[in-house]
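Below is one structure, written out as structure tokens; the observations come after it.
The values are calculated or read from the model by the stated rules, or taken from the named source; none is laboratory data. Quantities reported herein were computed from a predicted structural model and do not represent experimental measurements. For neighbour counting, all protein chains shown are included, and Cβ atoms are generated from backbone atoms with ideal geometry for every residue, glycine included.
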Amino acid sequence: MNLLDDLLVLDFSQFLSGPSASLRLADLGARVIKIEKPVIGDICRTLYVSDVEVAGESTIFHAINRNKESLIIDLKDKQGLEKIIGLVRKADVLIHNFRPGVMERIGLSYAFVKSINAGIIYAEISGYGENGEWKDKPGQDLLLQAVSGLTYLSGNKHDNPTPMGVAVADILAGTHLVQGILAALYKKGWSGEGSQVKVSMLESLIDFQFEVLTSFYNDGEQLQERGEVNNANSYMSAPYGVYRTKDSAIALSINRVDYLGELLNCSALKKYNEADNWFVCRDEIKTILQNLLLENTVAYWLSILEPAGVWCSAVFNYVELMEQEGYKILEMEQIVELNSGQLKTTRCPIRVDGRILYSSVGAPSLGQHTKAIEEEFNL
């Protein structure tokens with residue numbers, strides 16, 4: 001039995017943020033009914049990040065909507081809205097990521113939904129919150145990364161601000177929404193009362209940076225400059241960064257610079273024996289390290305550094321990662337069944353009582369479960 005068995009989730013969201021939240025609830029055992037518009041459905045069905053197509057739709061859609069059911073409903077149609085209201089009366093959780101005001105115009109505001117189902121958890125994701133001059137801006141991941149300050153942290157000093165290569169705003173907002181939903185379900189368990197849970201992608205990204213923002217807040221709001229050489233974190237001293245070697249790249253974490261000098265037989269590094277200098281002189285230290293590390297391979301340097309307790313690692317791409325025993329032992333891959341064919345994707349990263357939460361159910365075709373759901377719930 002899964003932790004969230006018998007939980008009914010109505011998911012009105014599309015793209016990545018909301019669907020990533022309902023995906024995690026589905027992984028934990030909830031029944032998720034995906035509410036989609038006729039003909040088009042979730043726009044993510046045709047959102048491609050490569051030329052790979054699976055069962056006529058994008059890999060993104062399949063990755064983030066597995067283990068769900070699809071119900072076609074025209075929310076602008078009176079009869080369609082009545083069907084949804086019938087479902088809402090029986091649901092435990094409702095999720096949406098429309099812009100502020102859309103659910104109110106449809107006729108599914110929190111006030112109305114609560115009036116017909118007092119115990120429902122009404123969960124919503126917005127881009128920038130529901131107030132202020134940014135509330136109607138498109139909540140797209142790259143744009144959120146840009147305004148949140150996140151892109152300032154990556155890349156070297158004279159590089160353009162550098163975004164993360166994954167949809168971090170979407171996925172974090174979905175993660176935070178799940179946290180809020182689970183907390184609200186706990187409250188409902190002892191009080192019987194539902195809750196309204198709100199997350200904005202901007203707030204999620206700001207919270208994501210709580211460590212460095214706290215330093216900024218309490219350091220006279222002095223903007224920290226990125227390092228000129230091998231920058232990995234603008235708030236970290238040398239040797240923190242990723243360095244090229246003769247054959248690949250190596251990551252060096254928090255380590256004493258003078259100790260590295262001893263291990264690597266580098267007199268130029270040994271002189272930096274005061275911790276304060278590791279930050280003040282970080283660019284020159286990193287330049288020395290970079291020139292030194294280019295002289296040999298990753299395997300050679302690791303053979304010296306790892307036995308000495310230095311925090312370091314090889315840097316892998318996906319192909320190299322999947323060759324490693326450390327990856328294989330996690331069993332992170334799973335095969336899901338589609339209406340036509342199969343798809344390899346990742347599994348839920350959570351283990352419960354030592355059990356891996358696999359599910360072979362793939363993403364639904366558009367409207368695949370409409371007739372069955374209407375009959376089951378007498379819509």
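Does any residue of the range 248-257 turn out to be farther than 17 Å from Asn291 by Cβ and at pLDDT below 90?
Step one: of the range 248-257, the residues farther than 17 Å from Asn291 by Cβ are 251, 253-256.
Okay, now just the ones that are also at pLDDT below 90, so none.
Checked the range 248-257: no residue is farther than 17 Å from Asn291 by Cβ and at pLDDT below 90.
For the range 1-23, name all the residues that are of a type in the set (D, E, K, R) and surrounded by fewer than 22 Cβ atoms within 10 Å (Cβ to Cβ).
Going through the range 1-23, the residues of a type in the set (D, E, K, R) turn out to be 5-6, 11.
Asp5, Asp6 - these are the residues of the range 1-23 that are of a type in the set (D, E, K, R) and surrounded by fewer than 22 Cβ atoms within 10 Å (Cβ to Cβ).
Which residue is farthest from Glu225 (Cα to Cα), if the candidates are limited to the range 281-297 and must be without any contact (Cβ under 8 Å) to a residue 40 or more places away in the chain and surrounded by fewer than 18 Cβ atoms within 10 Å (Cβ to Cβ)? Break it down into steps so the answer makes sense when it comes.
The first filter runs over the range 281-297 and keeps only residues without any contact (Cβ under 8 Å) to a residue 40 or more places away in the chain, leaving 284, 288, 291-292.
From what is left, the residues that are surrounded by fewer than 18 Cβ atoms within 10 Å (Cβ to Cβ) are 284, 291.
Details: Glu284: 15, Asn291: 23 Å.
Looking at the filtered set, the residue picked out is Asn291.
Quick one: which of Ser115, Ser70, Ser109 is within 28 Å of Asn339 (Cα to Cα) and hydroxyl-bearing (Ser, Thr, Tyr)?
Numbers: Ser115 fails: within 28 Å of Asn339 (Cα to Cα); Ser109 fails: within 28 Å of Asn339 (Cα to Cα).
Ser70 is the lone residue from the list that is within 28 Å of Asn339 (Cα to Cα) and hydroxyl-bearing (Ser, Thr, Tyr).
Looking at the structure I just gave you, is Asp353 loosely packed, with under 12 Cβ neighbours inside 10 Å, among the charged types (D, E, K, R) and either touching a Cys at 6+ places or on another chain (Cβ under 8 Å) or closer than 21 Å to Ile254 by Cβ (or both)?
Numbers: loosely packed, with under 12 Cβ neighbours inside 10 Å: yes; among the charged types (D, E, K, R): yes; either touching a Cys at 6+ places or on another chain (Cβ under 8 Å) or closer than 21 Å to Ile254 by Cβ (or both): no.
Here the answer is no, as Asp353 does not meet what is asked.
Restricting the first member to the range 328-347 and to residues that are on the phi > 0 side of the Ramachandran plot, and the second to residues that are of a type in the set (Asp, Glu) and in a loop (DSSP other than H, G, I, E, B), no beta-carbon pair is closer than 9 Å while six or more apart or on different chains.
Among all positions in the range 115-135, there is no residue which is in contact (Cβ under 8 Å) with a residue 40 or more places away in the chain, buried (at least 22 other Cβ atoms within 10 Å of the Cβ) and farther than 30 Å from Ile84 by Cα.
Within the range 153-179, the set of residues being crowded, with 17+ Cβ neighbours inside 10 Å and charged (D, E, K, R) comprises just one member, Asp170. Of all the listed residues (Val113, Val147), the sole one being hydrophobic (A, V, I, L, M, F, W, C), more than 29 Å from Asn378 (Cα to Cα) and either touching a helix residue (DSSP H, G or I) at 6+ places or on another chain (Cβ under 9 Å) or assigned to a helix (DSSP H, G or I) (or both) is Val147.
Within the set Lys188, Lys157, the sole residue that is in a helix (DSSP H, G or I), at negative phi and either touching an Asp or Glu at 6+ places or on another chain (Cβ under 8 Å) or modelled with pLDDT of 95 or more (or both) turns out to be Lys188.
Put simply, of Leu150, Leu182 the only residue that is touching a Pro at 6+ places or on another chain (Cβ under 9 Å), surrounded by 15 or more Cβ atoms within 10 Å (Cβ to Cβ) and not hydroxyl-bearing (Ser, Thr, Tyr) is Leu150. Could you tell me whether any residue of the range 266-280 is in contact (Cβ under 8 Å) with a residue 24 or more places away in the chain, surrounded by 12 or more Cβ atoms within 10 Å (Cβ to Cβ), in contact with a strand residue (DSSP E or B) (Cβ under 6 Å, 6 or more places away or on another chain) and within 19 Å of Asn233 (Cα to Cα)? The answer is no, given that none of the residues of the range 266-280 is in contact (Cβ under 8 Å) with a residue 24 or more places away in the chain, surrounded by 12 or more Cβ atoms within 10 Å (Cβ to Cβ), in contact with a strand residue (DSSP E or B) (Cβ under 6 Å, 6 or more places away or on another chain) and within 19 Å of Asn233 (Cα to Cα). With respect to the stated conditions, Asp92 is of a type in the set (Asp, Glu), out of contact with any Cys (no Cβ under 6 Å at 6 or more places or on another chain) and under 20 Å from Glu193 (Cβ atoms).
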